[in-house]
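Here the structure comes first, spelled out in structure tokens, and everything after it is commentary.
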Amino acid sequence: MVDTIVFIVAAVICLSGAFGVILARNPVHAALMLVMTLFGIAVQFVALEAHFLAAVQVIVYAGAIVVLFLFVIMLLGIDVSQSLEIGAMQSQKIAAFGFSGAGLAILGFLVNRVDNAATGRPPVGGAINDRTTNVSQLAGTLFDDYVYAFELTSVLLVIAVIGAVVLARKPTRAQVEAGGESEGSDA
Amino acid sequence: MEVTESWYLVLGALLFIIGGTGLLIRRNPLVMLMCVELMLNGVNLTFVAFSRMFSDIRGQTVVFFVLVVAAAEVVVGLGLVVAILRRQPEATADDLNVLKG
Amino acid sequence: MLAQLTNFEAPSVDWWILAPQMILVGGALLILLLTSLSIRKIPSWVSTLIAFAAGLATFVVAMFLWYDVQDHGARSTLAGALGLDGFSLFFTVLTALGVMLTTLIGDAYGSRERMAAPEFNALLLCAATGAIVMAAANDLIVMFIGLESLSIGLYVMAAMHLGRKVAQEAAMKYFILGAFSSAFFLYGIALVYGATGSTSLTHIQSATLTLEVRGTPPELLFVGMALIIVGVAFKVAAAPFHFWAPDVYQGAPSPVTGFMASVAKAAGFAALLRIFFVALPGEVTEWAPIFSGLAILTLIVGAVMAIMQNDVKRMLAFSSVGHAGYVLVAVTTGTAEGLASALFYLFTYTFMVIGSFAVISLIGWNDGHDIGRYEGLARRRPLVALAMTVFILGQAGVPFTSGFIAKFYVIQAAVDDELYAMAVVAMVAAVVGAFMYLRIVMTMWSRDVEAVDAPPLAVSWTTGLALFATVAVTLVYGFIPQSLIGFVRDAVPQLVAGG
């Protein structure tokens, strides 16, 4: 009974936050709504016995990534970040309908079919057991099955660092001239 | 009613759909980036639900990698937003210089 | 608590399998270290040289490993996360060649457009690492991280020309759609994990055999596969997921566009081929129809839309969509011969497209790529025009170029598999597409033109070398394709479980 109530409350928090993100006009509100969703998911993680992930979810996602968003919004100023727009893609609205339709179809299938499947299936490996803690089990797979993926994330982070440095640089005059956009014409 | 894993799968799918729809209907790159985060969180929830279903810890380990990827994407995406907006005042300053002499 | 740690046994490492990635990442780190630690400003050719050397070393190591694999068989390392087989080495060689050519072209472009050379080359090497990982991964999560390394590297590279707002807006568009498609790919992985209980390709392969026994709904795997296909279709610019391609190809710096159209596309197909031909061959009746639909649509869109463009970069963007269609035809067959023809196509296309964008980077000063600029190119710079003609005719599939053999090989594989309708569409698309290619060639060789108001075309020796190499490869494999056909037939993907 408690499980059901926890699930429903957390799910409502998640979904209202998600709708808030896509409907809020002000990006600051959207970012705060995102925190709400992330918090709801952290609750679901606890319910699914992924305790360490729940902590990481709050610390890294809500604590670092959303703060990064807010920081950039502050850097740009609320007015600028609210009026920010990129050009529409071809037939974007149709794509949105197609996407949500297809998504709901998948959803209907999930509701119907998955429930009775996969019960009593033997674990393939790295089984969750009660003798060791969640953290040490995670560490075990992180440095065994997924050790290469773990090392590879360092390449990803190097790319992100170079990218941030490159993109944060101001264009020099020579670059603007080489770019061929005559000054002031379209900017 | 008992909460089964498929409830979590449905919630994950819903988050994925809401995020994807939001990405397609909004024009603001900052909000679009947040929609990507919503989609990735839906996937995370799916992974953890399957992990519980199979009693297989690796489904949870995957979430770490998604987290790193999401962080890297956000850094580059926000960098692009800043880079695009940097050009605006920059061009005006250049114009002033040109006019002066 | 510490006692538990002593039970941990780290997976064994085969350093040779990791060598190509380590050389590339090492090169990138060396460039970054030198640039940031040196007191005086380092000339831009130093980073180009390091990146080229890293590409060359990767090529040499990959060829060495190739003969090793042919003699001793495939193997895997790090708990089976990364495989070493003919297939992964084929793409390692392809990526290394792509890196070498792109550094050569990027050197002259970078100094003309004042693009930061060290960052460009470091990002190129990191992105190439991602491409190699995609082809070699034996685990979907490793493949995903490889895909992201490649994509995020490319987002930044597309925006690297800081002086051009158009480039950055195109990069933003590319980034948003790329992140969207990555989320699809990842959700597909999650559903495949739900259907099979693992992200390792070896386990997925064995789990698909016992799906019914374990009572997994088959639709779960099917939806997962479909989402993975959609995710990769965005990356390889297959219709109807191609709409970012023209804007991004046009906006990105030309050397980056060349890399995007060749190595990134090849890596996307490598991921598709590895997942579907190796891990899910038993589900071929499920996934082949999806690919055939994509292939036909892609061929039509690529051929028809290319005709309507007046910007050479946009033309080649749609032509690149069309080329993805031919490779998809080869993928649809699901046969060994189809696989070989797909690899042949990707190999030859890499050289033609990098060569084309090398010429475009020469002509596109001030970021103008209107076809009018190519008028009378043959009179001003006959050798450049000749090289461009070879690339364009090669992409059109004219005999005695490698492009002809590639198209012929793909269509033959489709006919062998009794996919007659697709073979017909592919041939018609080739004829329609030829119109656009011939228009470029006619413009270049037209005689009656007034003097074009253009700065003299400076061809640096690095770009010249790249042009010479790409023309040579295109022509040589057009006349004697046997050695390359042998190479692609030996590039078989294999799964080896981790020890």
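Odds and ends about this structure:
- Of all residues assigned to the stretch C:11-19, at least one qualifies as being surrounded by 15 or more Cβ atoms within 10 Å (Cβ to Cβ), within 12 Å of chain A (Cβ to nearest Cβ) and farther than 26 Å from C:Ala122 by Cβ.
Yes/no matrix, rows are residues, columns are (1) surrounded by 14 or more Cβ atoms within 10 Å (Cβ to Cβ); (2) in a loop (DSSP other than H, G, I, E, B):
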{"position": "A:Asp3", "(1), (2)": "no, no"}
{"position": "A:Ile13", "(1), (2)": "yes, no"}
{"position": "A:Ile22", "(1), (2)": "yes, no"}
{"position": "A:Val46", "(1), (2)": "yes, no"}
{"position": "A:Glu49", "(1), (2)": "yes, yes"}
{"position": "A:Ala54", "(1), (2)": "yes, no"}
{"position": "A:Ile65", "(1), (2)": "yes, no"}
{"position": "A:Ser81", "(1), (2)": "yes, no"}
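- Out of C:Tyr174, C:Tyr193, sole residue that is closer than 22 Å to C:Ala122 by Cβ and either out of contact with any Pro (no Cβ under 9 Å at 6 or more places or on another chain) or not in a helix (DSSP H, G or I) (or both): C:Tyr174
- If you check C:Met134, C:Met160 for being crowded, with 24+ Cβ neighbours inside 10 Å and not in a helix (DSSP H, G or I), only one passes: C:Met160.
- Listed by first and then second residue, the pairs linking a residue in the stretch B:29-45 that is within 9 Å of chain C (Cβ to nearest Cβ) and at positive phi to a residue that is in a helix (DSSP H, G or I) and of a type outside the set (Phe, Trp, Tyr), with Cβ atoms under 8 Å apart and 6 or more places separating them unless they lie on different chains, form an empty list.
- Neighbours by Cβ (under 8 Å, 6+ apart or cross-chain): first from the stretch C:225-236, more than 14 Å from C:Met143 (Cα to Cα); second basic (Lys, Arg): C:Val236/C:Lys265
- Hits in the stretch C:395-432 (condition: outside any helix (DSSP H, G or I) and hydrophobic (A, V, I, L, M, F, W, C)): C:Val398, C:Phe400, C:Leu419
- Hey, C:Ser198 more than 23 Å from B:Leu9 (Cα to Cα) and modelled with pLDDT of 85 or more or not: no
- Residues of the stretch A:148-164 that turn out to be farther than 14 Å from C:Tyr155 by Cβ and facing another protein chain (nearest Cβ under 7 Å), as a count: 7
- Residue match in the stretch C:47-57 (condition: over 29 Å from the mean Cα position of the chain (by Cα) and at pLDDT below 95): no
- Residue match in the stretch C:242-262 (condition: of a type in the set (Val, Ile, Thr), surrounded by fewer than 21 Cβ atoms within 10 Å (Cβ to Cβ) and either within 29 Å of C:Leu89 (Cβ to Cβ) or modelled with pLDDT under 90 (or both)): no
- For the stretch C:34-85, a residue qualifies if it is aromatic (Phe, Trp, Tyr) and out of contact with any helix residue (DSSP H, G or I) (no Cβ under 6 Å at 6 or more places or on another chain), and the qualifying residues are C:Trp45, C:Phe64, C:Tyr67.
- Test: residue in the stretch C:214-223 that is surrounded by fewer than 24 Cβ atoms within 10 Å (Cβ to Cβ) and within 17 Å of the chain's Cα centre (by Cα): no
- Looking across C:Leu220, C:Leu299, C:Leu273, one residue alone is touching a Gly at 6+ places or on another chain (Cβ under 7 Å) and at pLDDT 90 or above. It is C:Leu299.
The values are calculated or read from the model by the stated rules, or taken from the named source; none is laboratory data. Everything numeric in this text was worked out from a predicted model, so none of it was measured. Every residue, glycine as well, gets a Cβ built from its backbone with ideal geometry; the counts of neighbours run over all protein chains shown.
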